[in-house]
Amino acid sequence: MTVKQDNQYQVRFLPDNIVVRAGKGESLLKIALKAGVHLTTTCGGSGTCSSCRILIIKGNLDCKHSYGITEYDFKRGVRLACQSCVTGDVVVEVPKTTDLASTSINAFREIPAALPLLNPITRKLALQLPVPTIGDNRADLKRLKHVLKNHGYENVLVDYDVVKQIPGIMREKNWSITATLCTSTNVPLLSRLESGDTTTNHYGAVFDLGTTAVRGRIIAADSGQVMAEETAYNRQREYGEDIISRISYCRRPEGIEVLQKLISDTLNVLIEKMVLSSGIDDGDISSVVIAGNTVMVQLLLAIDPEPLRLSPYVPAIDNTPPVKASELGINLGRHCYVHIIPVIASYVGGDIVAGIAACGMHESDKVNLYIDIGTNGEIVLGKKEWMVTTACSAGPTFEGGGIRHGMLAVAGAIEDFELPDPCGEPSIRIIGDINPAGICGSGLINAVSALFTSGLLGRNGKFNSELSCSRLRKGTDGFEYVLADGSSTSSGKDIVLTEVDVDNFIRSKAAIYAGCQTLADSVGIGTHEIDNIIIAGTFGSQINIEKAVRVGLLPDMARDKFRFVGNGSLKGAHTAFLSLKTCQDMLKIADMITGIELSENEAFMDNYVSSLFLPHTDLNRFPSFLNQRG
């Protein structure tokens, strides 16, 4: 019999054995979120994606409906967490997700970020102040400012927290102190005073604030050494995989506050892990540098993002002044300030500015095309004199969203697929060399390419049912191809690629290609005039260029023109912390780039529709395909 205490029931999440108490009628998804239990919800909890599945082990739940769950699974206890409410004590099992640290990245192909001459945006100065006398009884702060002026820092602003501590700290070690100065703005800010010389204890935390994942580093200011690096899922994913879902969630009461807390919680988890692994004191972190898209930045700052999705698509702020980490819910000292890399437009943020700075595109004489292949699909075209940019909203396909067995590039994901014989057995490679659990973005590109090349898949994205192939069968969403049969998978069920999956993939690849074409057309440049294509993002590092061109994701250009920058956002944030000049360059980059909005752009729509074939409607744009086809 269930025993209630203050109308609370016990909810146990397996396999991590996390136990919490919840009220009657409370959503299981919200309970999981509060407990720190990860559940994927690509639809933001509306019950339409069926990705937040759980299995009831003991007890029961009040389930509104079971979209996407078969009768067999429903009978054995499978439910959607977002549509299930607590009615008593219950034990549920959550599908085990793998660690993002298992990601497969071709780092050897990346452009290394040049380490700048060390001039961190936060400086620590060891100072010996003159001891006051009857003849020199200036105020403590005036005495300090005089010494700072001798070191080249005039008109210094002083944090109120510092003012309160001045008398005690200055006298603690006979006027020997260390002053911490934030120098990223025109007027330096004195953010901390310590007694004695603490200049060797000086670190920064830098982050790539992504829609799907957040990646961070702790860096030593005196050497540029990476002390620790960690990655975590962005906890906002519980309310939607893409930025539009999260903007929509903000319309709910306290929606902005909920999402702001989730991102600060994510940052805190990363900081805690990095501090633990590096062995440093978190009190020695003087600065945080964050690069993120415009929506993520505004949510971090608890600014309503609604105007970003409405014409004329205007961000609230482009260049954010330094803000105390503690004011954003980040668990670092009040002396620590957050520096946010400036954004460009509604859907082109500081992550792109950081990436451009990291690869040196803003200093290049050559015409470069910078592509961050991901959910938001940001693209930049130009060189040091000019740049244009846009975002083409490719959706979450490349990160597993909208694909029946899609998943991130973690252990268990099919990352490569080859099919030498259209009616034969495929060759697959799985991250971690374990039983497959699904297919990630790179595997999806390679699978579509192989099936298309073999003739099993037509240019319209439909399977050729006339071919005799044991792996091709009729499914609930049209024809489907069995990538891996249940005897070899982690779930015991077949992993398939459906025609709906292929349609979603084609729409995503079409958005990227059309965005590139529209940018080039807008400045009157042909693809033959582009000198380099720079592929950015963790996912981008996994792409097989030949196969990406084959399906029409990337322009058909000489393969030696393609470069990989890797996580340009994190690399840019890294160099920004270590180099005041890089910070200043980023301000110039953000100012010089012209944003092009595609939401109401007829040329983009024409290019997009033309790209909804493999590889394209106009095959003359893909001469390598024509040459191979003969």
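The values are calculated or read from the model by the stated rules, or taken from the named source; none is laboratory data. In this text, all values refer to a predicted model and were calculated from it rather than measured experimentally. Cβ coordinates were reconstructed from backbone atoms using ideal geometry, including for glycine residues, and neighbour counts include every protein chain displayed.
Yes or no, residue by residue, for (1) surrounded by 14 or more Cβ atoms within 10 Å (Cβ to Cβ); (2) farther than 20 Å from S346 by Cα; (3) not assigned by TED's automatic domain parsing to the domain that holds T183:
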residue: L580; (1), (2), (3): yes, yes, yes
residue: C583; (1), (2), (3): yes, yes, yes
residue: I593; (1), (2), (3): yes, no, yes
residue: E600; (1), (2), (3): no, no, yes
residue: F604; (1), (2), (3): yes, no, yes
residue: N607; (1), (2), (3): yes, yes, yes
residue: S611; (1), (2), (3): yes, yes, yes
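Can you tell me which residue within segment 421-432, out of those that are charged (D, E, K, R) and part of a loop (DSSP other than H, G, I, E, B), is nearest to I495 (Cα to Cα)?
Step by step, filter segment 421-432, then rank; the result is E425.
Counting just the residues of segment 178-219 that are among the aliphatic types (A, V, I, L, M) and in contact with a Phe, Trp or Tyr (Cβ under 8 Å, 6 or more places away or on another chain), which one comes out nearest to E272 (Cα to Cα)?
Filtering segment 178-219 for residues that are among the aliphatic types (A, V, I, L, M) and in contact with a Phe, Trp or Tyr (Cβ under 8 Å, 6 or more places away or on another chain), the one nearest to E272 (Cα to Cα) comes out as I218.
For segment 217-272, name all the residues that are under 19 Å from G400 (Cβ atoms) and outside any helix (DSSP H, G or I).
Scanning segment 217-272 gives T231, A232, Y233, N234, G240, E241, D242.
Are any residues in segment 386-434 of a type in the set (D, E) and either in contact with an Asp or Glu (Cβ under 8 Å, 6 or more places away or on another chain) or closer than 19 Å to I545 by Cα (or both), and if so, which ones?
E399, E415, D416, E418
Going by the structure shown, is D265 modelled with pLDDT of 95 or more, farther than 19 Å from V214 by Cα, out of contact with any His (no Cβ under 7 Å at 6 or more places or on another chain) and of a type in the set (D, E)?
So D265 fails the test.
Within segment 372-402, take every residue that is in a loop (DSSP other than H, G, I, E, B) and aliphatic (A, V, I, L, M) and give me the one that is farthest from the chain's Cα centre (by Cα). First the steps, then the outcome.
Step one: of segment 372-402, the residues in a loop (DSSP other than H, G, I, E, B) are 373-377, 383-386, 392-395, 400-402.
From what is left, the residues that are aliphatic (A, V, I, L, M) are 373, 394.
Working: I373: 11, A394: 14 Å.
Only one residue tops the list, namely A394.
Based on what the data block shows, is V523 assigned by TED's automatic domain parsing to the domain that holds D433 and of a type in the set (V, I, T)?
no
With the condition being at pLDDT below 95 and out of contact with any Leu (no Cβ under 7 Å at 6 or more places or on another chain), I'd like the helices (runs of 4 or more DSSP H) fully within segment 574-630 carrying at least 3 qualifying residues. Before the answer, list the steps.
Numbers: elements: 580-592, 602-610, 623-629.
The helices (runs of 4 or more DSSP H) meeting that bar are 580-592, 623-629.
Among the candidates D318, D265, single out the residue that is closer than 19 Å to E597 by Cα and touching a helix residue (DSSP H, G or I) at 6+ places or on another chain (Cβ under 8 Å).
Answer to the selection: D318.
Give segment 433-449 a look and list any residue that's within 16 Å of E399 (Cβ to Cβ) and part of a loop (DSSP other than H, G, I, E, B), or say none.
Across segment 433-449, the qualifying residues are A437, C440.
Restricting attention to segment 403-419, and to residues there that are charged (D, E, K, R) and part of a strand (DSSP E or B), which single residue is nearest to A437 (Cα to Cα)?
That would be E415.
Return the residues of segment 497-554 that are in contact with a helix residue (DSSP H, G or I) (Cβ under 8 Å, 6 or more places away or on another chain), among the small types (G, A, S) and free of Cβ contacts under 8 Å to residues at least 24 places away in the same chain; say none if nothing qualifies.
Listed by number, the list holds a single entry, G526.
Condition (residue is farther than 23 Å from S541 by Cα, acidic (D, E) and touching a strand residue (DSSP E or B) at 6+ places or on another chain (Cβ under 6 Å)) applied to segment 458-478: is it met by at least one residue?
There is at least one residue in segment 458-478 that is farther than 23 Å from S541 by Cα, acidic (D, E) and touching a strand residue (DSSP E or B) at 6+ places or on another chain (Cβ under 6 Å).
Only one of these is buried (at least 24 other Cβ atoms within 10 Å of the Cβ), more than 30 Å from I371 (Cα to Cα), in contact (Cβ under 8 Å) with a residue 60 or more places away in the chain and not charged (D, E, K, R): Y337, Y347. Name it.
When all the criteria are applied, what remains is Y337.
Matching residues to (1) out of contact with any helix residue (DSSP H, G or I) (no Cβ under 8 Å at 6 or more places or on another chain); (2) exposed (fewer than 12 other Cβ atoms within 10 Å of the Cβ); (3) closer than 25 Å to I285 by Cβ:
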residue: P130; (1), (2), (3): no, yes, no
residue: R138; (1), (2), (3): no, no, no
residue: H151; (1), (2), (3): yes, no, yes
residue: I177; (1), (2), (3): no, no, yes
residue: N186; (1), (2), (3): yes, yes, yes
residue: S191; (1), (2), (3): no, no, yes
residue: E194; (1), (2), (3): no, no, yes
residue: H202; (1), (2), (3): no, no, yes
residue: R215; (1), (2), (3): no, no, yes
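With respect to F479, is the statement that it is in a strand (DSSP E or B) and touching a Gly at 6+ places or on another chain (Cβ under 7 Å) true?
Taking the combined requirement at face value, the residue does not satisfy it.
Which of the residues spanning segment 201-216 are modelled with pLDDT under 95 and not in a strand (DSSP E or B)?
G210, T211, T212, listed by residue number.
Taking K164, is it crowded, with 17+ Cβ neighbours inside 10 Å, closer than 30 Å to A325 by Cβ, of a type outside the set (A, V, I, L, M) and modelled with pLDDT of 95 or more? Talk me through it step by step, then tell me what you get.
Working: crowded, with 17+ Cβ neighbours inside 10 Å: no; closer than 30 Å to A325 by Cβ: yes; of a type outside the set (A, V, I, L, M): yes; modelled with pLDDT of 95 or more: yes.
No: the conditions fail for K164.
Just to be sure I understand the filter: pairs with C-beta atoms under 7 Å, separated by 6 or more residues or on different chains, first member in segment 359-383 and surrounded by fewer than 23 Cβ atoms within 10 Å (Cβ to Cβ), second member acidic (D, E) and part of a loop (DSSP other than H, G, I, E, B). Which pairs pass?
Every condition considered, the pairs that remain are K366/D531; V367/D531; K383/D365.
Kindly list the number of the only condition in (1) in contact with a Leu (Cβ under 7 Å, 6 or more places away or on another chain); (2) aliphatic (A, V, I, L, M); (3) not in a loop (DSSP other than H, G, I, E, B) that fails for I330.
(3)
Across segment 478-509, which residue is surrounded by the fewest Cβ atoms within 10 Å (Cβ to Cβ) among those that are among the basic types (K, R) and at pLDDT 95 or above?
Filtering first and then ranking leaves R507.
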